[in-house]
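What follows is calculated from the coordinates using simple rules that are stated; it is not laboratory data. Everything numeric in this text was worked out from a predicted model, so none of it was measured. Heads up, the Cβs are rebuilt from the backbone with ideal geometry, glycines too, and the neighbour counts pull from every protein chain shown.
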C-alpha cells in the first residue's frame, strides 16, 4: 500500500558546478548551498560545499574550471518552496585578503533530464565613495553575513549591487512519485522515460 500511495515525492539532483567567467579576477573558489521551503527536507547527499581554488587556463583566458560535483536528494509533500542553488565566489584582493567576487542563485530545474544554467553574479556595493575607498584599503568589502539571503529576496530592494561575472552549473534531475501525488512536471510532447521497477523519472530535455 505504501508503494501505491506515497506520502512524499523525491527530487534527486546530480550535476556539477562546471566553472565561471570573471574576466577581471583569477584564483577563485566557489561555495554553494541549497535553500528550500518548510515542506522540504534533504534525505541524502550534501547540502553545502566548497570547491577547490582554480586559475585561468592558457587556452581560455577568462574561463575558470571547477567541475565540482553536486549530489543530493530531497523529499517533500508539495512543490512550494522548490529548492534553489545559491553560489558565492571568493578570491584574493591586491592585499591577499579573501573577498567575495559574486553571489548568485538559480532554481533547481523542474523537469527531469539534463539541464545547464548560467547564473549571473553580483556583489554588494558601498553606498558612499568614502566607504568604497576604506573598504578597499582595509580589505573588508561589503558582503552578506548569510549568502542564503540571495535566494530569499527579502530586503534585497534596499541593497545596492553591481553585476559581475557568471557561473555555469549542469544538472541531471530525477523525480519519483510526483505524478502519483498529482504533480506533472514533464512536457506534453516526448514520452517520459521511467523505470517500471523504481518509479524514477529521468526524462531527457
For Cα pairs less than 8 Å apart in space and 6+ apart in sequence, what is the mean separation divided by the residue count of the range 1-78, i.e. the relative contact order in percent?
47
Calculate the FRET efficiency for residue 38 and residue 122 from the Cβ-Cβ distance with a Förster distance of 25 Å, rounded to the nearest 0.05.
0.40
Expressed in nm to one decimal, what extension gain is obtained for the pair residue 48 and residue 107 from 0.36 nm per residue of sequence separation less their Cα-Cα distance?
19.7 nm
Using every pair of alpha-carbon atoms in the range 29-102, split the distances into 5 Å bins beginning at 0 and state the percent of pairs per bin, rounded to integers.
3, 13, 19, 19, 15, 12, 9, 7, 3, 1
How high is the FRET efficiency from residue 77 to residue 145, r the C-beta distance, R0 30 Å, rounded to 0.05?
0.45
Cα coordinate range in the range 6-61, projected on the principal axes (Å, largest first)
52, 18, 16
